[in-house]
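K.L.:
Okay, handing you the structure first.
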Amino acid sequence: MREIKPLQDEDMEVEEEEERMQNLRSKATELLLREEYKGSIEIYTQIISLCQENIFKKNPDKAHLTKLQKTLCLAFSNRAEARARLFEFSEALKDCEEALSIEKSHFKTLLCKGKILLSMNRYKMALDCFKAANLDPQANENSDVVNGFLEKCKKFEFLSRTGAFDVSDWVLSGFRGKMPELAEFIGGVEIKKSEISGRGLFATKNVESGSLLFVTKAVAVDRAIMDQDSEENAQLVIWKNFIDKVVETATKCSGVKNLILNLSAGEDEDSLGIPEIGSFRPEADLSSVVSNEKLDMGRMLSILDVNSVLEDAISAKVLGKNAEYQGVGLWILASFINHSCDPNVRRLHIGDYVIVHAARDVKAGEELTFAYYDVLSPLNNRREMAKNWGFVCKCKRCKFEENVSYKQEMRDLEIVLGKEQVDMGSLVYRLEEGMRRWMVRGKGKGYLRASFWEAYWKVFGSEKVMRKWGRKVPSAETVVDSVVDCVGSDERILKVFLEGLKKGGIGINGGIVEMEKAMKIGRGIYGKVMKKQAMKTLLHFDGNNQELGLKG
C-alpha cells in the first residue's frame, strides 16, 4: 500500500529528484560533448536507473510520469549515441529500441538508429528509420541532415541490391580527391565444400570476365608507411594493432565473432560448418546473434595468420600512398576463396573495401579461386611459394605440369630461364617446339606459356630478338590469348598486348577488334566498375611510360 505523505513533502521530494536529474543530465551532456563517451554512458545509466525506479516503485502521478518517461526516452537515446561512437552497435541498438518503445516516433532516436544501421551496412533498415524521422516536425529544422542521410541510404541500398558500382570519375581524376563511396554487395556466389581445400566460394551462374561477384568491407584494417630502417618493428606494430582491432570488433558483436571463428585455423577446416551466404548480405542482422563462446586468443591468432590479407605497394595507388605503404586486413567472405595457379577472380582494394570480380569467364558451379602468389612463374618456383604459404597446390595446372616436368628438356629449360645473359628467343623456340613434339594442346599450351612468361615478354619487348626469332615463335597476340584463357588477366599480359598494338601502328582509339580485346583484358584486371572512357585511361601509359591503374 502506498505510503501517504503530506502534499508539501511530496512536492519537495519531486523537486529534489528533478534537480538531481537535471544535474546528472547536464553532466552527461557535457561529457558527451567532450567526447568522453564512457563517462557519459555511466551517467546516462544512472539517469535510466533513477527514472525506472521512480516509475515502477513510486507510482507517480500522470504529469510526473510523463516527465519521467520523456527523460527516460532521451537518456536511452543519448546513451545509444555514446555507445555508437564507441562502435558498440549491438548495445546501442538495444538502447534505441528501449527509447522507441516509450516514444515510437522519437526523432533523435530514429536518426541515431538510422546512423547505426548505416554504419553496419544494413541499408534498407536504415532507410526506413530516416523515412520515419523525416515525418517528424523536427525534421523541418534538420532537413539538410535528414535529406543527406536519406539520399545516401537510397544510393547504398540500390548499390547493395544491384551491384551497379561506378568508379569512373575517380579513375579519370587520377585517383585524386575523395574515394568513391562503396556499399556491401553479394552477387551470385555460395559457400560449399571444396575439392581444393575445406570450403570454397562458388559461382551460382555464368559470369563473363570483369563481372562483379561481391564487395565487402573489412572487419579491421591497419596500415602504415614503412621506413626501411624500422620496417621490421613497424610490421610488428601493424600486426599488433590489427589483432587488437579484430578482437575489439569480435568482442562487441557476437555475430561477427561467430563468422570469424568459422574461418579455418589451418588444421580443422573439415570439422567446420558451411555458413549460409545470407549471413554475409547487408540485410543480415548480426546484432541479434548471441554467443557465449569464450574468445580463444590462440585460435584467433591462428585464424588471422591463415586468413588475413597483406596489402603493400601494389595497392598503394588506390589509397594515394607512397611505395613504402603497407597494411593488413581481414575480409571474411574473401577468406573462403582458395588458391589456384589458374585463378579466375581478382580483387581490388579501395579504402577498407575489397572488390572481387571475375578475371576471366566463369561457369555456373565453378569454384572461385585467387592467386595467392605470382602464377606467371615456373612450377618449381610456385611450389616454393606454396610451401611458404603452408600448403601444396594440386590444381589442374600443377598436375598437368608435373606430368611434363619429368622430361629432361623441360627441366633444362627451367634451369636456363633462371640464368642471366640467356637468349630468350632460343628458349621460347625450344619450348614451342617441345610442346609440338609432346602433343601439348589447348590449355596445356597456356599453362606452359604462363610458366615461362618471363621469357615471352622479354622476347616481345626486344626488337632485336624479334628480328631474329619473330618468325619462329608465335605472335604476342596468340600467346596473350592462351595465357589469359588459363590464368586470367594480368597487368603484365595487358602491357605486352598494348605494346604489340603500338608496334603494329594501332593506337588506343583505333582497331575496333584489337581494342575490344584490350578492353576485355582490362576488365579482367580492373572489373566492370567503370565506364569505357575510364578504362581507356587505365590502358594508357603516361609520359614516363608508367602504367596508370588500380592494382589488385
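The values are calculated or read from the model by the stated rules, or taken from the named source; none is laboratory data. Computed from a predicted model, the values in this text were never measured in an experiment. Positions of Cβ are backbone-derived with ideal geometry, glycine not excepted, and every protein chain shown enters the neighbour counts. For the accessible areas, the whole protein counts, side chains as well, though only heavy atoms, and no ligand, DNA or RNA atoms are used. Shrake-Rupley method; radii C 1.70, N 1.55, O 1.52, S 1.80 Å.
K.L.:
How many residues does the range 344-361 contain that are in a strand (DSSP E or B) and either of a type in the set (Gly, Ala, Ser) or open to solvent by 10 Å² or more (accessible area, probe 1.4 Å) (or both)? Please lay out each step first, then the result.
P.N.:
Of the range 344-361, the ones in a strand (DSSP E or B) are 345-350, 353-358.
Narrowing the set further to residues that are either of a type in the set (Gly, Ala, Ser) or open to solvent by 10 Å² or more (accessible area, probe 1.4 Å) (or both) leaves 346-347, 353, 358.
Of the residues in that region, 4 qualify.
So that you can scan it fast, the table gives a plain yes or no per residue for (1) farther than 21 Å from Ala82 by Cα; (2) open to solvent by less than 40 Å² (accessible area, probe 1.4 Å); (3) touching a Gly at 6+ places or on another chain (Cβ under 8 Å):
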residue	(1), (2), (3)
Ser101	no, no, no
Ser105	no, no, no
Leu111	no, yes, no
Leu117	no, yes, no
Ala133	no, yes, yes
Asp136	yes, yes, no
Cys153	yes, yes, yes
Leu159	yes, yes, no
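K.L.:
Quick test for you: out of Glu157, Glu190, Glu184, pick the one residue that is of a type in the set (Asp, Glu), under 21 Å from the mean Cα position of the chain (by Cα) and under 18 Å from Val354 (Cβ atoms).
P.N.:
Numbers: Glu157 fails: under 18 Å from Val354 (Cβ atoms); Glu190 fails: under 18 Å from Val354 (Cβ atoms).
Exactly one residue qualifies, and that residue is Glu184.
K.L.:
Look at Glu366 and say whether it is in contact (Cβ under 8 Å) with a residue 40 or more places away in the chain, closer than 21 Å to Ser482 by Cα and not assigned by TED's automatic domain parsing to the domain that holds Leu494. Please lay out each step first, then the result.
P.N.:
On the way: in contact (Cβ under 8 Å) with a residue 40 or more places away in the chain: yes; closer than 21 Å to Ser482 by Cα: yes; not assigned by TED's automatic domain parsing to the domain that holds Leu494: yes.
It is true that Glu366 is in contact (Cβ under 8 Å) with a residue 40 or more places away in the chain, closer than 21 Å to Ser482 by Cα and not assigned by TED's automatic domain parsing to the domain that holds Leu494.
K.L.:
Of all the helices (runs of 4 or more DSSP H) wholly in the range 442-512, which have at least 2 residues that are within 15 Å of Ser377 (Cα to Cα)?
P.N.:
The qualifying helices (runs of 4 or more DSSP H) are 443-451, 453-460, 476-487, 491-503.
K.L.:
How many residues, within the range 273-292, are modelled with pLDDT under 85 and either under 22 Å from Ser308 (Cα atoms) or surrounded by 14 or more Cβ atoms within 10 Å (Cβ to Cβ) (or both)?
P.N.:
Residues flagged as modelled with pLDDT under 85 and either under 22 Å from Ser308 (Cα atoms) or surrounded by 14 or more Cβ atoms within 10 Å (Cβ to Cβ) (or both) within the range 273-292 amount to 7.
K.L.:
With the checklist (1) open to solvent by 10 Å² or more (accessible area, probe 1.4 Å); (2) without any contact (Cβ under 8 Å) to a residue 40 or more places away in the chain; (3) not small (Gly, Ala, Ser) in hand, flag the one item Tyr447 doesn't pass.
P.N.:
(2)
K.L.:
Now for a separate question. Looking at the range 161-173 only, could you name the residues that are open to solvent by less than 40 Å² (accessible area, probe 1.4 Å), touching a residue at least 12 places away in the same chain (Cβ under 8 Å) and out of contact with any Phe, Trp or Tyr (no Cβ under 6 Å at 6 or more places or on another chain)?
P.N.:
Phe165, Val167, Ser168, Val171
K.L.:
Select, from Leu150, Leu111, Leu159, Leu135, the only residue that is of a type outside the set (Asp, Glu) and in contact with a Cys (Cβ under 9 Å, 6 or more places away or on another chain).
P.N.:
When all the criteria are applied, what remains is Leu111.
To keep it simple, each residue is scored yes or no on (1) without any contact (Cβ under 8 Å) to a residue 24 or more places away in the chain; (2) assigned by TED's automatic domain parsing to the domain that holds Tyr353; (3) in contact with a Lys or Arg (Cβ under 8 Å, 6 or more places away or on another chain).
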residue	(1), (2), (3)
Asn134	yes, no, no
Asp144	yes, no, no
Val189	no, yes, no
Lys192	no, yes, yes
Gly198	no, yes, no
Asn206	no, yes, yes
Ser209	no, yes, yes
Leu236	yes, yes, no
Asn241	yes, yes, no
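K.L.:
Here's something else I'd like to know. Given the criteria over 24 Å from Cys398 (Cβ atoms) and either among the hydroxyl-bearing types (Ser, Thr, Tyr) or surrounded by fewer than 19 Cβ atoms within 10 Å (Cβ to Cβ) (or both), does Glu463 qualify? Walk me through how you get there before you give the answer.
P.N.:
On the way: over 24 Å from Cys398 (Cβ atoms): yes; either among the hydroxyl-bearing types (Ser, Thr, Tyr) or surrounded by fewer than 19 Cβ atoms within 10 Å (Cβ to Cβ) (or both): yes.
So Glu463 passes the test.
K.L.:
Based on what the data block shows, is Thr66 over 24 Å from Glu181 (Cα atoms) and open to solvent by less than 30 Å² (accessible area, probe 1.4 Å)?
P.N.:
Values: over 24 Å from Glu181 (Cα atoms): yes; open to solvent by less than 30 Å² (accessible area, probe 1.4 Å): no.
Judged against the criteria, Thr66 is not a match.
K.L.:
If the requirement is being open to solvent by 40 Å² or more (accessible area, probe 1.4 Å) and charged (D, E, K, R), which of these qualifies: Arg199, Arg176?
P.N.:
When all the criteria are applied, what remains is Arg176.
K.L.:
Of the numbered conditions (1) open to solvent by 60 Å² or more (accessible area, probe 1.4 Å); (2) modelled with pLDDT of 85 or more; (3) part of a helix (DSSP H, G or I); (4) of a type in the set (D, E, K, R), Lys517 satisfies every one except a single condition; which is it?
P.N.:
(1)
K.L.:
Still on this structure: Scanning the range 362-373 for residues that are in a loop (DSSP other than H, G, I, E, B) and within 22 Å of the chain's Cα centre (by Cα), which turns out farthest from His339 (Cα to Cα)?
P.N.:
Glu366
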